[in-house]
Amino acid sequence: MSVVFSVFMLTLLVITTFAIVRTRHLFVAVVLTGIFSLLIAAIFFLLDAADVALTEAAIGAGIATVLFLGALALTGEHERGGSRNRLLSLAVVAVIASILIYATFDNPRFGDPQAPVHQHVSPWYLDGTREYIDIPNVVTAVLGSFRGYDTLGEVFVVFTAGIGVLFLFSAQPRRRRSSSQPATGPIEGEGLRHYLIPRVVGRMLIPFILLFGLYVQFHGEYGPGGGFQAGAIFAAAVILYALLEGETRALRALPASVLTGLMAGGALLYSAVGVAGMLLGSHFLDYSVLAADPVVGQQIGIVLIEAGVGITVAGVLISVFHAFAARESV
Amino acid sequence: MELLGLYHYWVFAILLMTGFYAVIAKYNLIKKLLGLSIFQSAVFLLYITMGKIEGGTAPILQAYGEGQLFSNPLPQVLILTAIVVGISTMALGLGVVVRIKEEYGTIEEHEIREIDRQ
C-alpha cells in the first residue's frame, strides 16, 4: 500500500516540477512550488523522516511561498524571455540525467541495513542517545548535542542571511516613476482587514498556530519538532497576522527593533550556552557540566539551544518578510 | 522494494536535472531561483532516501521495545538544518533580484547584459 502511495507521490512530484519550469506565469510557478513542498514533505514522512517533513511543510509550503510572492509583487509576475540555447541545455541536462540514472544501479539497495551510510557513526548516535542524553528523539539529540557545532554554524548562517537581506534593502531605489500614484484597492498597510472571511478565520487560527509553535518547540525532545520548525511556525503566525491586519499593526505588535534583537539574541543564547560549558570547566558546547547529573545537564543544554535556534529563525523570517513587504515597487 | 528504491533515485536525478535546466536555460532570475530550490530539494530527497532502513521507523526511541530498527537519524539532521538555511539564502537571493529590478528595471538576464554593455 505504502509502495503505491510512494510511487504516486513521486510521480506527482515530477509532474509538478515540469509544470514549474514550463509555465511562463511566475505566480502559478510559485503556487506550484507550495504544492511541490507539500508533496516532498509527504515523501519525507514515508521515508521515516518526520522531523524533516515537518520542517519542509512549515518552511517550503508556508514561508517560502510568501517570500516568493513578496518578491514577485516587486519584480513582476510574467516571465518574458524564452530560453537560451534551448537545445544545447536540453542535451547537457539529458546526458547528465542518463549518467545519474546509470549510476543508480550501483547505489546500495534501498532500505538495506548493511548499506555503508548506516555503518559509520549512526549506530553510535542511536546507542549514545540512550546512554548520554536520554531523550526519545534521536534527531534532536544529534542536532542539539552530538553535532552542536554544525547547528551553531547553521544558526549563524541564518542570522547572516537575515542581516544580508536587511542590508540589501537599506539602499534606496534610484529610479521612481511617480510618487503620486493613485491608490487602487485597499489602502496601503491595511492588509485584508476589509475582507470579512479571511479576517474572522485568520484571527481564530493565529492563537492556535502560536500554541502549536510552542508545542513543537518544547516537545521537540519527545516527538518530531524543535527550534527550526517552531521558529518557522511562529513566523508563519506573525506573517499571517501581518497579512490580515496590515504591516503597521504587525510592526506595532512586534517592532523592528525587537525583531533585530530576536535575530541576534537567539544566536547569542546558543553561543552563551556553549561558553557556559567552557566556564564550568569543560569544552565549548559540552552541556554535561550544566547540572550535577551529566544527563540532566545535556537535557538542559538542548532545551536552551533549541530555544535559541527558534528565536533566531523566527526573528530572521519575520524581519525578511517585513523587508519585502515594506518595499515599494518601482 | 528494489524497484521502489530505484524509482526514488530516478526521481532524484530527474528533479536535479530539471532544476539545473531552469538555472542554465531560463533568462528570468526568479525562475532561476525556483530552479535552484528544486535542485536543492532533489539533493534533500537523495539524502533522506539513503537514510531509510527497511522495516525501520522514525528515530524516536519512545514506545518501542528492544530490537526495533530505526532509520538513520544523521541524514535527517543534516537536511533539517539545510532546509532552514536554504530558505534564508533563498531570501537573500530574492533580495538581490529585487535590487537588480530596482536598478535595471528588468530581471531578464539577457536584457541586464544588454544594459551593462551600453
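The values are calculated or read from the model by the stated rules, or taken from the named source; none is laboratory data. Keep in mind that this is a model prediction, so the values were computed, not measured. Here the Cβ is made from the backbone with ideal geometry for all residues, glycine too, and neighbour counts use every protein chain on show.
With the requirement that a residue be surrounded by fewer than 18 Cβ atoms within 10 Å (Cβ to Cβ) and β-branched (Val, Ile, Thr), what does the range A:236-282 give you? Passing the criteria: A:THR248, A:VAL258, A:THR260, A:VAL275. Restricting attention to the range A:215-227, the residues being more than 16 Å from the chain's Cα centre (by Cα) and either closer than 21 Å to A:TYR241 by Cα or not assigned by TED's automatic domain parsing to the domain that holds A:TYR270 (or both) number 1. With the structure loaded, tell me whether A:LEU88 is more than 8 Å from chain B (Cβ to nearest Cβ) and over 27 Å from B:ILE79 (Cα atoms) or whether it fails that test. Yes; evaluated as a whole, the condition is true for this residue. Scanning the range B:38-50 for residues that are under 13 Å from A:ASN107 (Cα atoms) and facing chain A (nearest Cβ under 7 Å) returns B:THR49, B:MET50. Just one of the listed residues (A:PRO198, A:PRO186) is modelled with pLDDT under 95, within 22 Å of A:LEU240 (Cβ to Cβ) and assigned to a helix (DSSP H, G or I), namely A:PRO198.
Rundown of residues vs (1) under 16 Å from B:LEU94 (Cα atoms); (2) modelled with pLDDT under 95; (3) surrounded by fewer than 13 Cβ atoms within 10 Å (Cβ to Cβ), yes/no style:
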| site | (1), (2), (3) |
| --- | --- |
| A:LEU143 | no, yes, no |
| A:ARG147 | no, yes, no |
| A:ASP150 | no, yes, no |
| A:LEU166 | yes, yes, no |
| A:PHE169 | yes, yes, no |
| A:ARG174 | no, yes, yes |
| A:ARG177 | no, yes, yes |
| A:GLN181 | no, yes, yes |
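Within the range B:72-98, being in a helix (DSSP H, G or I) and over 20 Å from A:GLY70 (Cβ atoms) holds for B:PRO73, B:LEU74, B:PRO75, B:GLN76, B:VAL77, B:LEU78, B:ILE79, B:LEU80, B:THR81, B:ALA82. Residues considered: B:GLY35, B:GLY19. Of these, the only one that is more than 7 Å from chain A (Cβ to nearest Cβ), part of a helix (DSSP H, G or I) and crowded, with 18+ Cβ neighbours inside 10 Å is B:GLY19. Applying the criterion of being more than 8 Å from every other protein chain (Cβ to nearest Cβ) and within 16 Å of B:PHE12 (Cα to Cα) to the residues of the range A:12-36, the residue that is surrounded by the most Cβ atoms within 10 Å (Cβ to Cβ) is A:THR16. Among the residues of the range A:112-125, those identified as assigned to a helix (DSSP H, G or I) and out of contact with any helix residue (DSSP H, G or I) (no Cβ under 6 Å at 6 or more places or on another chain) are A:PRO116, A:HIS118, A:PRO123, A:TRP124.
Checked across the range A:304-318, the condition of being assigned to a helix (DSSP H, G or I) and free of Cβ contacts under 8 Å to residues at least 40 places away in the same chain holds for at least one residue. Among residues of the range A:63-76 that are farther than 18 Å from A:ILE209 by Cβ, those with a beta-carbon under 6 Å from a residue that is buried (at least 21 other Cβ atoms within 10 Å of the Cβ) and of a type in the set (Lys, Arg) at least six positions away or on a different chain give the pairs A:THR75/B:LYS101.
Number of residues in the range A:148-170 that are more than 11 Å from A:SER319 (Cα to Cα), more than 7 Å from every other protein chain (Cβ to nearest Cβ) and more than 17 Å from the chain's Cα centre (by Cα): the value is 4. Can you tell me which residues in the range A:11-22 are in contact (Cβ under 8 Å) with a residue 12 or more places away in the chain and more than 22 Å from the chain's Cα centre (by Cα)? Residues satisfying the conditions are A:LEU12, A:ALA19.
Only a single criterion out of (1) more than 10 Å from every other protein chain (Cβ to nearest Cβ); (2) charged (D, E, K, R); (3) touching a residue at least 40 places away in the same chain (Cβ under 8 Å); (4) surrounded by fewer than 24 Cβ atoms within 10 Å (Cβ to Cβ) is not satisfied by A:ASP286, namely (3).
Of all residues assigned to the range B:60-76, none qualifies as being on the phi < 0 side of the Ramachandran plot, within 7 Å of chain A (Cβ to nearest Cβ), surrounded by 15 or more Cβ atoms within 10 Å (Cβ to Cβ) and touching a residue at least 40 places away in the same chain (Cβ under 8 Å). Of all residues in the range A:59-81, those being hydrophobic (A, V, I, L, M, F, W, C) and more than 9 Å from every other protein chain (Cβ to nearest Cβ) number 4.
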